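Working notes for the structure below.
The values are calculated or read from the model by the stated rules, or taken from the named source; none is laboratory data. These figures come from a predicted structure and were not determined experimentally. Cβ placement follows ideal geometry from the backbone for every residue including glycine, while neighbour counts extend to all protein chains displayed. These accessible areas exclude ligands, DNA and RNA; they are computed on the full protein's heavy atoms, side chains included. Shrake-Rupley method; radii C 1.70, N 1.55, O 1.52, S 1.80 Å.
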Amino acid sequence: MIRSVQKFASLSNTKKHVVAVLSFDQIKIASFQSCILSQPNHNHIASMAKDQAPYLSLRCSCYALLFLSSFSSSLFVYWSYFSIGCHTDVQIAVEENKGELNLVAFPAAWNSLQFPSEAPPRLLKLAVFVKKWPDKHHAGGLERHAMTLHRALAKRGHELHVFTSSSSTNATSMKNLCFHLSKPTAAGYLDQATIWKQFQMEDSGGRPFDVVHTESVGLMHTRARNVTNLAVSWHGISYESMHSDIIQELLRAPEESQSSILRERLIKVVEEIRFFPRYAHHVATSDHVGDVLKRIYMLPEERVHIILNGVDEEIFKPEEASRGEDFKLGFGIQDSAPLILGIAGRLVKDKGHPLIFEALKQIFNESSKFKENVIVLVAGDGPWGARYKELGSNLRVLGPLGQAQLARFYNVIDIFVNPTLRAQGLDHTLLEAMLVGKPLMATKLASITGSVVVSQEIGYTFSPTVDALKKALYDVWKDGRIILQHKGQLARKRALKLFTATKMAMAYERLFLCIAENTKGSNGYCTYRNN
């Protein structure tokens, strides 16, 4: 612990202004929270949004906007300055404390802890609620997380029952993994009455469920409020979405009409703060969300647990160069290709594709050398796929790729670029690229700078503007392949410590064992012994 104190002391002189900003910020948080608590109480989300909007006072709106403008910036500054130190200090504290840690109150990511890899001491029966099981080529982060995590737990011997929609075309049962399908609502959500009836039948028909796990609001709070052995994993909350909305507004063209989404989003934040306490346990998939759930959503610390997303390390790993050359030739890229930038995901506006399209367009016009010595590969589909073709032959749109092809895609690029404007969750593509051993270039969002690109040693970050993105692209080009390879090695080293499917599954398994035992009055699995 002495080293931790010394390290913090060495940082304090240069960072007093950050602490001052955060201290001042507490005033606005208190005002915002009192504003929220003064609003009338409604039982249902729909009626809340309808009834509450006219009564959101001018005073509350002003406090909220003042709070958002200051807190969002100060929280980002806080994470930018202290993220590396916090991770290191937590690790040092764990290493030097040879006694016991209370996992329920552990303030950092459980992925950083070492859990036994042998067979689990107890096999659990788990209920899982997820809006949709992922398709082969089209899957969002939530769905991919659900499949990766729960397949890993099934392989560990746990019995899983997945309650999901019948629109899931890839919901194939396997040993220990059973699907309960139901017709989705017109809006595409799970029919709560149907899935609850399915759940009750399975729960009462034999061995009851040890733990219930819902991916975001797969199981709504109206059903979850009386389930004490339940954990919800949040893959995006409205507070994060509001940051994205602010970015979108700042990037809005003058001829575009102003959106009312910010006011609507603020109401959703208030709604979430009201109903989130109805879930027994909360899993934050990034350090930033864990902080927001405790500080802004005012959830008790012992009910908030940080478990970072993980991806399959057996699929996403470095390959032999010869296999990569075959992949490149398949898409018409010569063996002597210059620097290769890679982009992957849904090719839609909120993933930042208009931003990088404009940045690349300007750079190609400004620098013939850059255009001659850089190739951009884009994996995925969406409206911006056709637009990218306007940039010329050194930008290739590969279309959607399966996981095996996607892993090969990461292997052939020199750096992975993620220009997302979405602040929600923890993007899986960043973690996949890191595990393959590639450096990252990503937007300065709190979840990314707080958990993934925590230093320049493993990549580059940029503000969501064309000029900032252009500067980062020029920096990558100037640094060249040798420096990028070194950054990639460090990125993989970090990913192996935090972002593998195994690390994620072991952390969730321990949390579920802790919850299951707590319902019986025992807390042995809630204690971490550091020997």
> Leaving out same-chain residues fewer than 8 places away, which aspartates and glutamates sit with a Cα under 19 Å from that of LYS132?
Replying inline: GLU143, ASP191, GLU215, ASP427
>> Using 0.36 nm times the number of residues separating LYS197 and ARG323, minus their current alpha carbon distance, what extension gain do you get?
In response: 40.4 nm
>> Rounded, prolate or oblate, given the Cα gyration tensor of the stretch 223-363, with a/c below 1.5 counting as rounded?
In response: oblate
> If R0 is 51 Å, what FRET efficiency do you get for THR527 and MET174 from their C-beta distance, rounded to 0.05?
Replying inline: 0.95
> Toward the positive end of the charge dipole of the stretch 430-518, about the Cα centre and with charges on Cβ (Lys, Arg +1; Asp, Glu -1), which of GLY480, TYR508, LEU431 goes farthest?
Replying inline: GLY480
> Across bins of 5 angstrom width beginning at 0, how are the C-alpha pair distances of the stretch 417-531 distributed, in whole percent?
Replying inline: 2, 11, 18, 18, 15, 11, 8, 7, 5, 4, 2, 1
> Near LYS268, which aspartates and glutamates are there with a Cα under 17 Å away, not counting those fewer than 8 places off in the same chain?
Replying inline: ASP51, GLU240, ASP245
> What's the carbon and sulfur percent of the stretch 379-478's accessible surface, probe 1.4 angstrom, rounded to a whole number?
Replying inline: 47
> Shape of the stretch 102-236 from its Cα gyration tensor (a ≥ b ≥ c, root eigenvalues): rounded if a/c is under 1.5, otherwise prolate when a/b > b/c, or oblate?
Replying inline: rounded
>> Can you tell me the length gained on complete extension of the stretch LEU101 to THR222, counting 0.36 nm per residue apart and subtracting the Cα distance?
In response: 40.2 nm
> What nm value, rounded to one decimal, do you get for the distance between GLU457 and PHE331 when each label is placed 7 Å out toward the C-beta?
Replying inline: 3.0
>> Run the numbers for TYR189 and LYS493: contour at 0.36 nm per residue of separation, minus the present Cα-Cα distance, in nm.
In response: 105.6 nm
> Over the stretch 335-438, what is the percentage of antiparallel beta bridges among all DSSP beta bridges, to the nearest 5?
Replying inline: 10
> In terms of the Cα gyration tensor, with a ≥ b ≥ c the square roots of its eigenvalues, is the stretch 382-439 rounded because a/c is under 1.5, prolate because a/b exceeds b/c, or oblate?
Replying inline: oblate
>> What FRET efficiency comes out for LEU123 versus ILE315 if R0 is 35 angstrom and r is the Cβ-Cβ distance? Round to the nearest 0.05.
In response: 0.85
> Which of the pairs LYS369/LYS444; LYS125/LYS175; LYS444/LYS471 have their Cα atoms more than 25 Å apart in this structure?
Replying inline: LYS369/LYS444
> Quick one: if you stick a label point 7 Å off each Cα along the C-beta vector at GLU256 and ARG278, how many nm between them?
Replying inline: 3.4
> Can you give the FRET efficiency for LYS471 and LEU401, using 1/(1 + (r/R0)^6), R0 = 30 Å, r = Cβ-Cβ distance, to the nearest 0.05?
Replying inline: 0.55
>> Keeping all protein chains in place and using 1.4 angstrom, which order do TRP234, TRP477 fall into by accessible surface area, from largest down?
In response: TRP477, TRP234
>> I'd like to check one number: the per residue accessible area of the stretch 227-283, probe 1.4 Å, reported in Å² as a whole number.
In response: 41
>> Which log10 I(q)/I(0) values does the stretch 316-473 give at q = 0.17, 0.20 Å⁻¹ under the Debye formula, counting every alpha carbon as one identical point scatterer?
In response: -1.01, -1.44
>> If you split all Cα-Cα distances of the stretch 203-249 into 5 Å bins from zero, what percentages do you get per bin, shortest first?
In response: 5, 16, 20, 18, 14, 10, 7, 5, 3, 2, 1
